[in-house]
Amino acid sequence: MDDKKYKILIVDDVKDSLELISRNLEQVGFITYTASSPSTGAEILKKNRMDLVITDLRMPDMDGISFTRYIKENFKNIEIIMITGYPSIESAVEAVKTGVSEFLSKPFTDEELFATVEKVLFKIKMKNLLLNEKGAQSRVFQGIIGKSEKMQTIFELIKKASRSLATVLITGESGTGKELVARAIHYTSPRAGQSFVPVNCGGIPEELLESELFGYIKGSFTGANETRAGFFQTADGGTIFLDEIGDMSISMQVKLLRVLQEKEIFMIGSRKPQKIDVRIICATNKDLEKMVKSGNFREDLYFRLNVINIILPPLRKKKEDIPILIDHFLTKYSKESKIQKPQFTENAIKALTEYMWPGNVRELENVIQRLLVMKEDSIIDIPDLPSFMRYNIPSQQNLSRKLFEVECEYIRGVYQSQAKNKTKTSEILGIDRKTLREKLKKCAIENDDEGNLPSE
């Protein structure tokens, strides 16, 4: 045996088997812990650092497969041996897929037990848990990263749209990179040398949106102390990007329609139209077709905007892009922070790939940045990931809780997962920032500091 005193946790609901394995391993120099159930074993793992877990497959409260998954997604560098008196090809395959190193069938001799343990311990000493992404061939187009077939299609659409002056409507969930696509269209077009002006329509109060877009004449309203150009004048000769176009009121939609039809604007306070030469690109995470049917978006404007439609896929629909995005963000923030670039284990990459990513690429970038800031060593494994990305033993559901408590808990989880960024949180929850602020105040979340990074 090795000079090191390896710690081994044994989990089996059969008392005689538990005592026999423990006694035999202690006789040859191992430190053993025993548990008659996975739930007890989980408590031991939380308090003690283990090298190896030996667990039975069939147990009353939880099977060994589920317990193995819990271990792999909550603790680092623990190998697992599965034992069972009911061996089958199906159970062995499932065990290996979950992360079991060795499968041992009952009854087994002392020699078989020692040989299996030694084999796994050798793996612990020799294993390389680093995921080698050097061979991954990423594709980058105008700052947009993706090697999936879906993203290659998007790249081709961008190239075609850049050769035209037609209006472009970019649709997709929040965080999919709509502004990146708009910039790529502009900077690969003949207008690349002119201005690209992004405007978040949802972030400008309705009463100010017209003056921000079209400008105003001195003295046209209280506070207009000087003549000021709007975003359209600033973008003259170039491209204006109207993000969150679905948040625009009907009255503003009418004014925008006139700009598209007549290619001219009226500054507030002026009766003289001003000709403009602007390429318009719009984006939204809302279903404009449904808004047209419900009367919340003008049909004629929708058809004017939807000449070229680029639909961005959510991150969960292009999972093959996740590893190269992770590597990109790691490189980016490592250079910014002037620290050594960490590496992800294969299991961590797998967990990130299987996560549903409601906040898409923006959420992935946020998670990687936080992991980089909070990391303790050069290797990032599943236990380092946010708790909502890991497998946990389900607790009994409390059906006596009030709806308000459940809602507050969910809002707190999303808010903290987005580094307390209100804009990103409101987008994921599907509510506006005003509603979010009210809920944060009611739930006493606003100043609830649990060590998360503040939003910018």
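Nothing in this text is a laboratory measurement; each read-out follows from the coordinates by a stated rule. Keep in mind it's a predicted model, so treat the numbers as computed, not measured. Note that we place each Cβ from the backbone using ideal geometry, even for glycine, and neighbour counts take in every protein chain shown.
Listed by chain and number, the lysines whose alpha-carbon sits under 21 Å from that of K422, ignoring those within fewer than 8 places in the same chain, are K178, K286, K434, K439, K441, K442. Here each label is just a point 7 Å from Cα along the line to Cβ, and for Q27 and I217 those points are 10.2 nm apart.
When every Cα-Cα distance of region 162-247 is counted in 10 angstrom steps from zero, the calculated P(r) takes the values 16, 42, 30, 11, 1 percent. In a solvent-free Debye calculation with one equal scatterer on each Cα, what is log10 I(q)/I(0) for region 333-372 at q = 0.33 Å⁻¹, listed in the order of the q values? Debye intensities relative to I(0), on a log10 scale: -1.13.
Evaluated over region 7-126, the count of Lys pairs having alpha-carbon atoms less than 22 Å apart is 26 (only pairs 8 or more residues apart or interchain).
Count neighbours as other Cβ atoms within 10 Å of each site's Cβ, and list the trypsin sites (Lys or Arg not before Pro) in region 185-260 that are DSSP loop with at most 14 such neighbours.
Working: sites: R191, K218, R228, K255, R258; in loops: R191, K218.
Listed in order of number, the matching sites are K218.
With N counted as the residues of region 318-392, its alpha-carbon radius of gyration over 2.2 N^0.38 Å works out to 1.01. Annotation: region 234-368 has a Kirkwood hydrodynamic radius of 18.4 angstrom, from the mean reciprocal C-alpha pair distance.
Unpaired cysteine residues in the chain (no second Cys Cβ under 4.7 Å): C201, C282.
Across the options P273, F303, T68, the greatest Cα extent toward the positive end of the charge dipole of the chain (unit charges at beta carbon of Lys, Arg, Asp, Glu) belongs to P273.
Scattering from region 7-126 was approximated by placing one identical point on each alpha carbon and applying the Debye formula without solvent; log10 I(q)/I(0) at 0.11 1/Å stands at -0.30. Measuring spread by the Cα atoms of region 149-315 yields a radius of gyration and Dmax of 16.0, 55 Å. Within the shell defined by Cβ-Cβ distances under 14 Å, the residues around R228 carry a net charge of -2, with Lys and Arg each +1 and Asp and Glu each -1. In a fully extended conformation the segment linking V96 and T234 would gain 43.6 nm over its present Cα-Cα distance, using 0.36 nm per residue. Dipole size of region 56-120 about its Cα centre, with +1 on Lys/Arg Cβ and -1 on Asp/Glu Cβ: approximately 240 debye, rounded to the nearest 20.
Count neighbours as other Cβ atoms within 10 Å of each site's Cβ, and list the GluC sites (Glu not before Pro) in region 186-238 that are DSSP loop with at most 11 such neighbours. Before the final figure, lay out each step's value.
Details: sites: E206, E207, E210, E212, E226; in loops: E226.
Those that pass, being in a loop and sparsely packed, are E226.
Each label was represented as a point 7 Å from its Cα along the Cα-to-Cβ direction; for E264 and K147 these points are 5.4 nm apart. Computed over neighbours whose Cβ is under 12 Å from that of T167, the net charge equals +3, Lys and Arg +1, Asp and Glu -1. Using Cβ point charges alone (K and R +1, D and E -1), the dipole size of the chain about the Cα centre works out to roughly 1880 debye.
Rounded to the nearest 0.05, what FRET efficiency do D13 and D377 have when you use their Cβ-Cβ distance and R0 = 30 Å? Present the calculation step by step, with values, prior to reporting the outcome.
Working: r = 36 Å, r/R0 = 1.19.
Plugging the Cβ-Cβ distance into 1/(1 + (r/R0)^6) gives 0.25.
Here the simple spin-label model places points 7 Å from the Cα toward Cβ, and for R437 and R271 these points are separated by 4.0 nm.
Give the dimensionless ratio obtained when the Cα radius of gyration of the chain is divided by 2.2 N^0.38 Å.
Details: Rg = 28.9 Å, N = 456, 2.2 N^0.38 = 22.5 Å.
Taking the Cα Rg and dividing by 2.2 N^0.38 Å, one obtains 1.28.
Across the alpha-carbon atoms of region 1-75, the computed radius of gyration and Dmax are 12.0, 37 angstrom.
Can you compute the charge dipole magnitude of region 318-392 about its Cα centre, using +1 on each Lys and Arg Cβ and -1 on each Asp and Glu Cβ, nothing else charged? Give it in debye, rounded to the nearest 20.
Values: 11 positive and 12 negative charges, 44 e Å.
With Lys and Arg at +1 and Asp and Glu at -1, about 220 debye.
The distance linking region 1-46 with region 223-295 is 70 Å (Cα centroid to Cα centroid, whole angstrom).
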